[in-house]
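A.B. asks: I have a structure here, written as structure tokens, and I will follow up with some questions on it.
Any read-out appearing in this document is the output of simple, stated calculations on the displayed coordinates, not a laboratory observation. As the structure is a computational prediction, the values presented were derived from the model and not from experiment. Heads up, the Cβs are rebuilt from the backbone with ideal geometry, glycines too, and the neighbour counts pull from every protein chain shown.
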């Protein structure tokens, strides 16, 4: 189990789950017209993806700049999502 975390594979698994969740939410919206629109799903998923990428970079010992870049991307995606929601 330690290798699963140290190798960053746990982050890869989380990314796959996030992608499946986004896909299922988008398909459900397209089929039923209910739920979140695809743009809203993207707004929810992008900050999470960037946070998981930061986690992966930290787990595999990437340089601090990679972690900082991913965290900055997560913050920017979050701010964009909040701004788009407040505009509605």
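A.B. asks: Taking the conditions exactly as written (surrounded by 12 or more Cβ atoms within 10 Å (Cβ to Cβ) and out of contact with any helix residue (DSSP H, G or I) (no Cβ under 7 Å at 6 or more places or on another chain)), does residue 49 satisfy them or not?
C.D. replies: Answer is no for this residue.
Conditions tested, residue by residue: (1) within 11 Å of the chain's Cα centre (by Cα); (2) loosely packed, with under 12 Cβ neighbours inside 10 Å; (3) assigned to a helix (DSSP H, G or I).
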{"residue": "10", "(1), (2), (3)": "no, no, yes"}
{"residue": "15", "(1), (2), (3)": "yes, no, yes"}
{"residue": "21", "(1), (2), (3)": "yes, no, yes"}
{"residue": "30", "(1), (2), (3)": "no, yes, yes"}
{"residue": "40", "(1), (2), (3)": "no, no, yes"}
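A.B. asks: Ok, one more. Need the failing condition index for residue 62 against (1) buried (at least 16 other Cβ atoms within 10 Å of the Cβ); (2) in a helix (DSSP H, G or I), just the number.
C.D. replies: Failed condition: (2).
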